[in-house]
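As structure tokens, the structure follows; a few thoughts come after it.
A short reminder: the numbers here are calculations on the coordinates, not readings from a lab. Quick caveat: nothing in here was measured; it's all calculated off a predicted structure. Here the Cβ is made from the backbone with ideal geometry for all residues, glycine too, and neighbour counts use every protein chain on show.
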Amino acid sequence: MDRRIAKAKREQGLSISYQSLELKGVSHIEMNGLTIIPEQRDTLLQLQTLRLEFNFWKLFGGHLEVQDVQLDKLKIQLIKRDSIANYDFLFQKEKKETPSKKEEYNYAKQADELLELVFDLLPENGEIRHLSVTHQRDTNLIEVKVPLLTIKNNQFSSEITVREENQYQRWTTRGELNRSSHTIKAELYSQKKQKVYLPYLKKHFEAEVMFDSLSYSLTKTNIGSGQIALSGVAAITGLQVLHHALSPDRINLDRGKFSYHIHMGSNFAELDSSSHVQFNKLEFHPYLYIEKKHDKWHIKSTINKPWFPANELFGSLPKGLFSNLEGIQTKGMLSYHFLFDLDFSQLDSLKLESELNHKDFHIIKYGATNLAKMSEEFSYTAYEKEQPVKTFNVGPSYEHFTPLDSISPLLQMSVLQSEDGAFFYHKGFLPDALREALIYDLKVKRFARGGSTITMQLVKNVFLNRKKNIARKLEEALIVWLIETKCLTSKQRMYEVYLNIAEWGPMVYGIYEAADYYFSKRLRN
């Protein structure tokens, strides 16, 4: 112990002291009065008493396996003032000798060793009393207290008190830690049927996450040939998320569940297609394969969902994530196929397929937005840097509106060839264009090229806000599919709208203003 303390002092600047350390019998250790203080920092850890009982027979092989733990009054303080924290040493990079030979990373072996360590350290019985973890960042204070956590015959339970500033929460957690079956199960929920509100996120990331209950399970199995299997279930109910990168509105997910089956080998990980995702009413089986060969990754993912009721999809869209589609009602059947195959050693071989098929599909009721509004005159608002700068009608009542038949066919063809040459022939998407754009972006390692069609550009500008987030791209794809599949607006009218709202220059909207701005002319057919 003295050698370890001296090394921690020398390499990490830690002052470690204890009142007593005793070996009682051959498998019991007791420590009292442990204190850890980083050099010129606030006290990091204080422990009054720790008693550990190890598996006697495993000790003969030099293997530590905790059977019982008795811990009393453990206080951990994570304090950061300005840019100085008492846990900085945790992020110091260790100096490593340059290896003479590059070793291949074995993912299954590393995962197996880490999980075995976890299972060895998780006791079968014990009590943890008066555990306190505090995180203070300048004036922001978060404190988590566990008055009593009991573990009996691999089953654990505890009450948790969480304080952030002057706000208090009371949580309950329970579950199973089973070393013999290599299983971990845990459940977290709030008392008095209130939501669990995750602290810290709003103050430092401007995000809010809350839920009714969260549960997780994991079982590890060795399947031979140096491979392991991981299986389990992650489930959440009553989830609410708010963050501008996802959506400007609060996202609500009533129920989500992920049953997974993962195989891991020395250089690959595979999410088996027997895995199951439940998303409100929607259910599907994803497949994912990730492999590393010669320092290059190969990723393959597929989803194949045979015919299912259309409202399983549109009735499962989380509230707040698809504001224009909220409340939409549909009938009929859908099927979906998705394939993504990317080999980083051969970027040009990338495969991308996404196809949503339908039969007897109908929209019974639009949601919050009339998706057919482009068919008639409507009011359009142009934005610059996410701020509205101009509003005008797209129709005869606006003096600068130009009907499609009043625009020169040569000009129409020129714009089509520049923006979307196959516009009058595709169904809103050009998979090959998206694929080529993705290949190019991967080669230059930045988002340099897009694969948007005219329909996609119209939906983005007419129905969606200009804020770039994940929700907008998903909603954009669904609205494009609905408009094109049900012919809610004719191709001719969409092109007419496009030519009348496109930005042709600084504050120059529509082809009428473009002719005047660049040539001081009026359009003539």
Separation of the stretch 354-372 and the stretch 27-51 by C-alpha centroid, Å?
-> 62
Expressed in nm to one decimal, what extension gain is obtained for the pair Glu326 and Asp82 from 0.36 nm per residue of sequence separation less their Cα-Cα distance?
-> 83.4 nm
A student applying the Cα gyration tensor rule (rounded when a/c is under 1.5; otherwise prolate if a/b is larger than b/c, oblate if not) would label the stretch 373-519 rounded
Rh (Kirkwood; distinct C-alpha pairs) - the stretch 204-279, Å | 14.6
HN-Hα J in Hz across the stretch 364-380 - Karplus 6.51, -1.76, 1.60, θ = phi - 60°, x for Gly and Pro | 7, 8, 5, x, 5, 10, 6, 6, 9, 5, 5, 5, 10, 4, 8, 8, 10
Under a point spin-label approximation (7 Å from Cα along Cα-to-Cβ), what is the Ser259-Asp348 distance to one decimal in nm?
-> 4.5
Helix 491-501: angle to the longest alpha-carbon principal axis of the chain, degrees 0 to 90, nearest 10?
-> 80
Expected unfolding gain across Lys443-Lys365 under the 0.36 nm per residue rule, minus the alpha-carbon gap, is 23.7 nm
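Roughly speaking, what is the stretch gain from Arg522 to Tyr289, that is 0.36 nm per residue apart minus the C-alpha to C-alpha distance, in nm to one decimal? Working shown, then result.
Working: separation 233, 0.36 × 233 = 83.88 nm, distance 5.77 nm.
Gain in length upon complete extension: 78.1 nm.
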At q = 0.10, 0.13 Å⁻¹, what base-10 log of I(q)/I(0) does the Debye formula yield for the chain when every alpha carbon is treated as an equal point scatterer in vacuo?
-> -1.06, -1.44
With N residues in the stretch 388-428, Rg(alpha-carbon) / (2.2 N^0.38 Å) equals 1.48
Over the Cα atoms of the stretch 1-94 the radius of gyration and the largest Cα-Cα distance (Dmax), both in Å, equal 15.6, 50
On a 0 to 90 degree scale, rounded to 10, what angle separates helix 107-121 from the longest Cα axis of the chain?
-> 50
Amide H contacts under 5 Å for Ser213, placed H, 5+ residues apart | Thr237
Sparse-neighbourhood loop sites, trypsin sites (Lys or Arg not before Pro) in the stretch 417-460 - DSSP loop, at most 10 other Cβ within 10 angstrom | Lys445, Arg446
Cα-based helix-to-principal-axis angle, 2-12 vs the chain, degrees rounded to 10 = 30
Taking 7 Å along the Cα-to-C-beta vector as the label spot, tell me the Glu208-Gln278 distance in nanometres, rounded to one decimal.
-> 2.8
Under 1.5 on a/c is rounded, so check that first for the stretch 31-179, then, if it is not, pick prolate when a/b is larger than b/c and oblate when it is not; a ≥ b ≥ c are the square roots of the alpha carbon gyration tensor eigenvalues.
-> oblate
With label points built 7 Å along Cα→Cβ from the Cα atoms of Ser406 and His337, find their separation and express it in nm.
-> 4.6
Straight-line reach from Lys75: which aspartates and glutamates have Cα under 12 Å away, leaving out those fewer than 8 places along the same chain?
-> Glu143
Mean 1/r over all different Cα pairs, inverted: what Kirkwood radius does the stretch 335-459 give, in Å?
-> 18.3
Under 16 Å Cα-Cα from Lys373, which aspartates and glutamates qualify once same-chain neighbours fewer than 8 residues away are excluded?
-> Glu476, Glu484, Glu496
Integer Hz, Karplus 6.51/-1.76/1.60 couplings in order for the stretch 268-276, x for Gly and Pro = 8, 9, 9, 8, 5, 5, 6, 4, 9
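Where Lys and Arg each count +1 and Asp and Glu each count -1, what net charge lies around Glu22 among other residues with Cβ under 12 Å from its Cβ?
Computed value for this residue: +1.
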Which GluC sites (Glu not before Pro) from the stretch 357-426 combine a DSSP loop assignment with at most 11 other Cβ atoms within 10 Å?
-> Glu376, Glu386, Glu399
Sequence neighbours fewer than 8 away in the same chain don't count; with that in mind, list the aspartates and glutamates whose C-alpha is under 13 Å from Lys80.
-> Asp42, Asp88, Asp138
Can you give the helix-only mean residue ellipticity at 222 nm for the chain, where every DSSP H stretch with n ≥ 4 adds -39500 (n - 2.57) and the sum goes over all residues, rounded to the nearest 500 deg cm²/dmol?
-> -6000 deg cm²/dmol
Step through the residues of the stretch 168-176 one at a time and calculate ³J(HN,Hα) from phi using the Karplus curve (6.51 cos²θ - 1.76 cosθ + 1.60, θ = phi - 60°), rounding each to whole Hz and writing x for Gly and Pro.
-> 10, 9, 10, 10, 10, 10, 7, x, 9
Structure shown: which of Lys220/Lys300; Lys257/Lys305; Lys257/Lys281; Lys319/Lys365; Lys300/Lys351; Lys281/Lys319 lie over 19 Å apart, alpha-carbon to alpha-carbon?
-> Lys220/Lys300
Placing +1 at every Lys and Arg Cβ and -1 at every Asp and Glu Cβ, with all other atoms neutral, what dipole size does the chain have around its Cα centre, in debye to the nearest 20?
-> 540
R0 = 22 Å: FRET efficiency of Gln48 with His28, Cβ-based, nearest 0.05?
-> 0.80
